[in-house]
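The block underneath contains the structure these notes are about, expressed in structure tokens.
The values are calculated or read from the model by the stated rules, or taken from the named source; none is laboratory data. Values in this document were obtained by computation on a predicted structure and should not be read as measured data. Cβ placement follows ideal geometry from the backbone for every residue including glycine, while neighbour counts extend to all protein chains displayed. To get the accessible areas, we keep the full protein, side chains included, count just its heavy atoms, and leave off ligands, DNA and RNA. Shrake-Rupley method; radii C 1.70, N 1.55, O 1.52, S 1.80 Å.
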Amino acid sequence: VPVNFLQKISELALISVLTASEGLTNVSLLIHTGPDGEKAWPKKYPFCGGVFQSPIDFHKAILQYDSNLLPLEFIGYDVPSTDQFTLINNGHSVKMYLSPAMSIRNLPFEYTASQLHLHWGNQNKSEGSEHTVGGKHFAAELHIVHYNSEKYPDITAAMDKADGLAVLAVLLEVGCRIFIFCLFRVYQKVLVPGFNVQELLPDRLDEYYRYEGSLTTPPCYPSVLWTVFRHPVKISQEQLLALETAMYCTERDDPEPLEMVDNFRNVQDFHERLVFISFLVLTLVPVFPLFLGFVVSVVIACVLGVLIILAVAFWLLKKKR
Ligand SMILES: [Zn+2]
């Protein structure tokens, strides 16, 4: 278990007391909590009701193995501790700005890192991942957002272009328990010393789901090349709880504080699209012929064995006479 990751997640979660930073509009405040939540998005943001939307459910019928899917290469992900990341609460998630020296390769273009953020559920229902696997939610999901720096000068220019963004997604599940102490002051922004961002990713970087989708918050531009790692990363129950209970959508002095929970979008229809996977799935189908083969060979071996014993016995008997 990458210990550093746990530490970073708790730092992210424990900024907790972080209330929404200045300049928030009611729009971002109401993204997940409005009267109809996400159902109301398309009215104001037409792309949200359009095609190529994310997140989606990964299920057998839409998965297709692609042997050309190489593991990604991470450039500059190991950020020295002398550098600092800025962490803010933007009213619907906790966001950490990344260094422009960080990029990923082995995609159709070179993509430069912009920010990372998290999606989670609530303390009664820890099912806050956006992508699901076979209909199953994970506890939370980490997104590392990159833009196509070969074609566009910055993320703003890239975010509404079809080949503009690439997001890495890590599914988080509750695993080992570690003790964290929760003492935090109220900040608007927090500076986090640099660390190796690759430690936030699972060990198996070669196994992932790849598909073309969208931003999961308004304006939902269909501009994202998604890479969702197959293997989840474990976080502790305490860290998850910190994430689920300690963040607020409202500003510090708001008389009606609004907890930041369930900031994930529901899975979207996946009209006649495929998800490409870099790994082979073992199904029950090839197991049966294998098992049958095993049974047949055991039977043949037994018959041969009996025949040999009989032959030897016969030969001995014959010799005795
Ligand atoms: Zn996200």
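Take the convex hull of the alpha carbons in region 52-150; its mean projected area over all directions comes to 8.6 nm².
When all protein chains stay in place and ligands, DNA and RNA are ignored, the 1.4 Å accessible-area order of Phe270, Phe52, largest first, is Phe52, Phe270.
Computed from backbone phi with θ = phi - 60° and the Karplus coefficients 6.51, -1.76 and 1.60, the 3J(HN,Hα) list for region 218-233 is x, x, 6, 3, x, 10, 10, 8, 8, 10, 10, 5, 5, 8, x, 10 Hz; x is used for glycine and proline. Extending 7 Å from the Cα toward the beta-carbon at both Ala162 and Gln64 defines two label points whose distance is 1.7 nm.
Residues whose amide H lies under 5 Å from that of Leu205, counting only those 5 or more places away or on a different chain, are absent; hydrogens are built 1.01 Å from N in the peptide plane. Applying 1/(1 + (r/R0)^6) with R0 = 41 Å to the Cβ-Cβ distance of Lys319 and Val298, what FRET efficiency is obtained, to the nearest 0.05? It comes to 0.85. Placing pseudo-labels 7 Å out from each Cα toward the beta carbon at Glu150 and Glu199 gives an inter-label distance of 3.2 nm. Phi angles across region 196-212 convert, under the Karplus curve 6.51 cos²θ - 1.76 cosθ + 1.60 with θ = phi - 60°, into 3J(HN,Hα) values of 7, 5, 5, 5, 7, 9, x, 5, 7, 8, 8, 10, 8, 9, 10, 7, 9 Hz, Gly and Pro given as x. In this simple spin-label approximation, Val281 and Glu127 carry label points 7 Å from Cα along the Cα→Cβ vector, and these lie 1.9 nm apart.
Would you mind telling me the share, in percent, of accessible area of region 39-151 contributed by carbon and sulfur at probe 1.4 angstrom? That share works out to 51 percent.
Close amide H partners of Ser214, meaning residues 5 or more places away or on another chain with modelled amide H under 5 Å apart, are Ser54, Val224. Think of a 1.4 Å ball rolled over the protein heavy atoms: region 42-154 then has 46 Å² of accessible area per residue.
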